[in-house]
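The values are calculated or read from the model by the stated rules, or taken from the named source; none is laboratory data. Note that the structure is predicted; figures quoted are calculated from it, not measured. Quick reminder, even Gly has a Cβ in these numbers, built from the backbone with ideal geometry, and neighbours come from all protein chains shown. What goes into the accessible areas is simple: the full protein's heavy atoms, side chains included, and nothing from ligands, DNA or RNA. Shrake-Rupley method; radii C 1.70, N 1.55, O 1.52, S 1.80 Å.
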Amino acid sequence: MTSTQQREELQAKIWKIANEVRGAVDGWDFKQFVLGTLFYRYISENFTDYIEGGDSSIDYATLPDSVITPAIKDDAVKTKGYFIYPSQLFVNVVKTAYTNPNLNTDLKAIFDAIESSANGYVSEKNIKGLFADFDTTSTRLGNTVDNKNKRLAAVLNGVAELDFGNFEEHQIDLFGDAYEFLINNYAANAGKSGGEFFTPQNVSMLISRLAMHKQTTVNKIYDPAAGSGSLLLQARKQFDEHIIEEGFFGQEINHTTYNLARMNMFLHNINYDKFNIALGDTLIDPQFGDEKPFDAIVSNPPYSINWIGSGDPTLINDDRFAPAGVLAPKSKADFAFVLHALSYLSGKGRAAIVCFPGIFYRGGAEQKIRKYLVDSNYIETIISLPANLFYGTSISVNILVLSKHKPDTAIQFINASGEGFFTKETNNNVLEPKHIDRIVDIFDRKADVPYIARSVDYPRIVENDYNLSVSSYVEAEDTRPQTDIKELNSRLRRIVARENELRAAIDKIVAELEEDKA
C-alpha cells in the first residue's frame, strides 16, 4: 500500500469513527480517544511481537494470563518498559467491545495496570500517566455507562479496522498523520488549541535536516518546546537511527501534549531508555541541564507568549540569559527560548528554531539580544518561509539557525517565501521534498542567489543597527513588466514628429480655405 493510500484510508477511518460519536464528543476532545486507541493498539501489537520473538508456534493473545510467571514479567518490563497480559491486549478487548457491559471500567483497569507494571523500574517515569487523557469514564463520552460503552466500542472497532499490516512497515507517520488530520478538521484554533502547538511534518523535516546538516553523528537531540514530539521524530526518520547516539530529549509544558509526545516515541519504536520527555516550563524550570551540551536542537516554541521575565530578578543571573545582559520582554518570550537553546548547544552542533519575524527587527531588549548574538557570531542563517504553512496562522515565519563553529562572521539570509518554494493545497501551503532539498542546498552552499539568498558581512549588520530581517538584505524581485526607456523616448519622438507633420498639414489646409473665402 502506498503512502497516499495509507493516508487516505487513515483519514476515511477517522472520519467514520467521528460520525459514530458525533454530537457526543467535542471534536478536539475526540482526538484524545482516537490517538489513545491508536497507541493502545500499537503497544499491544508491539509487545506481542516481542513476546513471540518470531516463533510462529506461539500465539500470545490466546494464552491464559496464568502462564505468565513473575520472571517473565520482570524480564519483559526491564526490556520493554511495561507489561501487558494476554487478556489486556487490544485484540482481545475489541472482540467483545460491543457486548461488554463493563467496557469503560475494564479499559480503565487495563490502562492502570499497564502503567503500574513499570512501578519500581527504571521505565516508571516514562510510562506513568501515559493514558491520563484517555478517560474512559468521562462524561464527554455520554451521561450513562451504556452511552460511554457504545462510543468507546465505536472508536476501538474503527481503529481495529485500520489495515496497515505491521506498524513498522508504514509508509506514513501514522500518529503524526492522524494528529494532523484531527487538527485540520476539529480544532477551533487549529494547531494550538489549549496551548497545544503542532509543527507540520514537512516543516519538521526541514528543521531536522538543518539542525543535523553534515553531522555524521550527534550525541543526542533536544527540543525545549517538544509539543507532540514531531520535530524529534523527524530527525530519526530523516537519518539512520545510529547517527543519534544517546537518544531524544524534550520538555513540554502542556500535560496533554506531553503525554502525546511520550506515546509518539513508543509508536516510533523508540524504547524507554532512548528518550526522556519532561513535563514543565522550560523557561523557569529547565530540565536536562546535566545532559547538555546537545549536538542537535530543534524547536518550534510558541510565538510571543508572556513569561515572568524581569519579574523574577534571579533570571538575569541565569547562565542561559546572563551573557546577553538583558531578558526577553515579558510580553514576548521568543528570545528567551532562543537563548535557552543556545546555552544547551554544543560547539559542533546546530540549533534550528522557528521564530516569529518581529523579533528580528524590533527595538528595545530584542535588539540588544540580537546584538549579543551577532557580536558573538552565533547566527549562521535566517530563512524566511512561505505563509500559510502552519495550522491556525497565516504568518510567514522564519527559521533561525544557530551555530558555535562558524568559519567566518557573515550571516546568511534566505528568502524561501516565494514561488518555487511551496505547493498550494486547499487553504495551506506545503513544503514538498523538492522544496526542502532546494532550501538545504542553498543553506549548504552559502552562495549568493539573486532575489533569494545573500551572505552579509558583520560590519554591514552593525551598520544596519543589528536589523536581521531577511527583506533588509535580500532584494525582492520586481516582477512588474519592464519598460525600455530608450525605446519609449524614441517612440515619443516619432509621435511628436508625426504630430507636427499633421499639424502643419492641417494648418496648410486651413490657410487654403481662408484664401478661397477671400
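Select from segment 124-147 the residues that are buried (at least 18 other Cβ atoms within 10 Å of the Cβ), part of a helix (DSSP H, G or I) and at pLDDT below 90 and list them in ascending order.
Result: L141, single match.
Could you go through segment 325-348 and let me know if any residue there is of a type in the set (V, I, T), open to solvent by 40 Å² or more (accessible area, probe 1.4 Å), farther than 30 Å from L130 by Cα and part of a loop (DSSP other than H, G, I, E, B).
no
Could you list, in sequence order, all residues of segment 267-283 that are aromatic (F, W, Y) and under 18 Å from the mean Cα position of the chain (by Cα)?
Scanning segment 267-283 gives a single hit, F275.
Could you tell me whether any residue of segment 450-457 is in a helix (DSSP H, G or I) and either at pLDDT below 85 or loosely packed, with under 11 Cβ neighbours inside 10 Å (or both)?
The answer is no, given that none of the residues of segment 450-457 is in a helix (DSSP H, G or I) and either at pLDDT below 85 or loosely packed, with under 11 Cβ neighbours inside 10 Å (or both).
When you check V155 against the structure, is it within 20 Å of I17 (Cβ to Cβ) and either over 31 Å from the mean Cα position of the chain (by Cα) or modelled with pLDDT of 95 or more (or both), yes or no?
Criteria not met by V155.
Please specify each residue of segment 46-71 satisfying the condition of being open to solvent by 60 Å² or more (accessible area, probe 1.4 Å) and of a type in the set (D, E, K, R).
Residues satisfying the conditions are D49, D55, D59.
Please go through segment 297-324 and pick out each residue that is in a loop (DSSP other than H, G, I, E, B) and either open to solvent by 20 Å² or more (accessible area, probe 1.4 Å) or at positive phi (or both).
Selection gives P302, Y303, S304, I305, N306, W307, I308, D312, P313, T314, D318, D319.
Name the single residue that is modelled with the lowest pLDDT among those in segment 221-241 being part of a loop (DSSP other than H, G, I, E, B) and surrounded by 23 or more Cβ atoms within 10 Å (Cβ to Cβ).
Looking at the filtered set, the residue picked out is S228.
Name, by its number, the condition in (1) over 15 Å from Y40 (Cβ atoms); (2) open to solvent by 60 Å² or more (accessible area, probe 1.4 Å); (3) assigned to a helix (DSSP H, G or I) that does not hold for D74.
Evaluating D74 over (1) over 15 Å from Y40 (Cβ atoms); (2) open to solvent by 60 Å² or more (accessible area, probe 1.4 Å); (3) assigned to a helix (DSSP H, G or I) leaves (2) as the failure.
Could you count how many residues in segment 349-383 are among the charged types (D, E, K, R), surrounded by fewer than 21 Cβ atoms within 10 Å (Cβ to Cβ) and closer than 22 Å to L231 by Cα?
So the count comes out to 0.
Residue-by-condition table, conditions (1) farther than 30 Å from T79 by Cα; (2) touching a strand residue (DSSP E or B) at 6+ places or on another chain (Cβ under 8 Å); (3) at pLDDT 95 or above; (4) of a type in the set (F, W, Y):
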residue	(1), (2), (3), (4)
L267	no, no, no, no
G280	no, yes, yes, no
D295	no, yes, yes, no
P329	yes, no, yes, no
V338	yes, yes, yes, no
L345	yes, yes, yes, no
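Among the residues of segment 242-296, how many are open to solvent by 30 Å² or more (accessible area, probe 1.4 Å), assigned to a loop (DSSP other than H, G, I, E, B) and of a type in the set (A, V, I, L, M, F, W, C)?
2
Can you find a residue in segment 170-182 that is open to solvent by 20 Å² or more (accessible area, probe 1.4 Å), under 21 Å from D49 (Cα atoms) and at pLDDT below 80?
yes
Looking at S394, S417 in this structure, which one is closer than 24 Å to M212 by Cβ, outside any helix (DSSP H, G or I) and hydroxyl-bearing (S, T, Y)?
So the residue among S394, S417 that is closer than 24 Å to M212 by Cβ, outside any helix (DSSP H, G or I) and hydroxyl-bearing (S, T, Y) is S417.
Considering only residues that are open to solvent by less than 70 Å² (accessible area, probe 1.4 Å) and part of a loop (DSSP other than H, G, I, E, B), which ones fall in segment 458-473?
Matches in segment 458-473: N464, Y466, N467, L468, S469, Y473.
If you scan segment 83-116, which residues turn out to be open to solvent by 10 Å² or more (accessible area, probe 1.4 Å), more than 24 Å from K148 (Cα to Cα) and either in contact (Cβ under 8 Å) with a residue 24 or more places away in the chain or assigned to a loop (DSSP other than H, G, I, E, B) (or both)?
Residue satisfying the conditions is Y85 alone.
Going through I442, I399 one at a time, which residue ends up being within 17 Å of N300 (Cβ to Cβ) and modelled with pLDDT of 95 or more?
Going through I442, I399 in turn, just one is within 17 Å of N300 (Cβ to Cβ) and modelled with pLDDT of 95 or more: I399.
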